[in-house]
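Note sheet for the following structure.
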Amino acid sequence: MISEGLLHFVEFELQIIALIIFGILYSIRIGQLVKLPMPREKAPSVGSQVKGVVFSFSTLVLPWKMESTMKHLGRWIEFMIYHFGALAAITATFTLPFTPKIMIPSVRMIFAVLILLAAVVGIIKIARRFLNPHLRHVSVPDDYFSLIAVEIYFIAAAGCLIWNTTGFRFAFFLITALFLIYVPFSKISHYVYWFFARVYLGIRYGRRGILPGKRLTNE
């Protein structure tokens, strides 16, 4: 039997402790990335670096702007569903304990649907790694562990939102705290590198003036 005191600790104090650890670890990681040398362009600028960075980030929601997503639109749809579900689950870790009044039944159900759709995509991703020989060859244990751990997290989140029982709430917030500590050491932390990569590519190609859709001239 889970006591009210233990549930309160997991929902509030443990989350704050985990967030502090999470923030410290990522501050160190980001500091290391910022200190890395960035190759300087020697050619004169012929374009806008700002436009390059904006375009670089916009490709996330404009799949027709990149050949890889144009040819694999289904994978892009999977990506969006999966990450919207993850966003809903992460948001719930703050709204459920700190702003419970906005989590009315309809809002909880919308969150739950997004998370369950993401869980379905997660099952597809796991099956693909097992069944596709090329993916299986390059996969490491952390790939499988991360995908399965996120599935468990999604199930706990959806259960908490739908039934709101003490057991589901305890499981959801305990897993959240463990994730906050685990993620900086796992492959899931790739999203931090994604922001740096988008900025770097945007600056580079924006400066060169070779963004997709822009005609090159010999002038």
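Every number here is computed from the coordinates shown, using simple stated rules; none is lab data. Everything numeric in this text was worked out from a predicted model, so none of it was measured. Quick reminder, even Gly has a Cβ in these numbers, built from the backbone with ideal geometry, and neighbours come from all protein chains shown.
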On each of the three principal axes of the Cα atoms of the stretch 1-125, give max minus min coordinate, whole Å, ordered largest first. 67, 36, 28
Distance from the Cα centre of the stretch 1-36 to that of the stretch 132-202, in angstrom? 15 Å
Estimated [θ] at 222 nm from DSSP helical runs (n ≥ 4, -39500 (n - 2.57)) normalised by residues in the chain, nearest 500: -24000 deg cm²/dmol
Helix check for the chain. Which DSSP H runs span at least 20 Å along their own axis by Cα, with a mean Kyte-Doolittle hydropathy no less than 1.6? 14-35, 105-131, 166-182
Distribution output for the chain: share of Cα-Cα pairs per 5 Å bin in percent, first bin at 0, values 1, 6, 11, 14, 15, 15, 13, 10, 7, 4, 2, 1, 0, 0, 0, 0
Past the 19 angstrom mark, what percentage of all C-alpha to C-alpha distances in the stretch 106-159 do you count? 34 percent
Can you compute the charge dipole magnitude of the stretch 107-219 about its Cα centre, using +1 on each Lys and Arg Cβ and -1 on each Asp and Glu Cβ, nothing else charged? Give it in debye, rounded to the nearest 20. 480 debye
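Sort 182-194, 79-91 for me by packing, meaning the mean count of neighbouring Cβ atoms within 10 Å per residue, highest on top. Display every interim value, and only then the final one.
On the way: 182-194: 13.8, 79-91: 18.2.
Answer by packing, highest mean first, reads 79-91, 182-194.
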Positive end of the charge dipole of the chain (Lys, Arg +1 and Asp, Glu -1 on Cβ, about the Cα centre): tell me which of L117, L161, T99 has its Cα farthest that way. L117
Place the peptides 150-158, 48-56, 26-34 in order of packing, highest mean first, counting for every residue the other Cβ atoms within 10 Å and averaging per peptide. 150-158, 48-56, 26-34
note: the stretch 52-180, Cα-Cα separations exceeding 18 Å make up a percent value of 60 percent
About the Cα centre, and with charges only on the beta carbon of Lys, Arg (+1) and Asp, Glu (-1), how big is the dipole of the stretch 1-111? Nearest 20 debye, please. 600 debye
Of L36, I210, S58, farthest towards positive along the dipole that unit charges on Lys, Arg, Asp, Glu beta carbons give the chain: I210
